[in-house]
Amino acid sequence: MILPEFKAFPRTGRVLGVDWGAKRTGIAVSDEARNFFFAREPIIASKTGTSIAKQIAELAKSENVVGIIFGLPLYSDGNESETTKLVRACATETCTYIDLPVAFIEENLTSVFAQEEMGKVRISDIKQKLDSESARLILENAIALLNRLK
């Protein structure tokens, strides 16, 4: 279920973070106490027809999470882009495969910050790891926000 507001998100348990991409979707997961955040292998758009949303739902089940947070790309003025609509559609579809709360958090500049944190690495590493590092930052920011809302 898509939560109407972020503060309704569960306060305890493992959480999945998602940085949606049409070709590669970054994934991260927290530990149970939400002190540590781990980038996972990204989900690659399937040529077999399995949707990204279904793969997210399957991963959420296998990681035993209590909720999912999607990074929401917005323009700097707060308006939504075409990509924003695709992220929302993916989140809505994910809810058809799994009954978990889903929330959104603004994700502007997470890829820039993730690349800075990665430091000097090969271009191939950036392509393979940047999306999940961005998902890790999305998740870390979301948990920090939840902790401030207590």
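The values are calculated or read from the model by the stated rules, or taken from the named source; none is laboratory data. Computed from a predicted structure; not experimentally measured. Using ideal geometry, Cβ is built from the backbone for each residue, glycine included, and neighbour counts are taken over all protein chains shown.
Take the residues in segment 12-40 that are in a loop (DSSP other than H, G, I, E, B) and modelled with pLDDT under 90; name whichever of them is nearest to the chain's Cα centre (by Cα).
The selected residue is Gly21.
Of the residues that sit in segment 41-66 and are within 12 Å of the chain's Cα centre (by Cα) and assigned to a strand (DSSP E or B), which one is surrounded by the most Cβ atoms within 10 Å (Cβ to Cβ)?
Ile43
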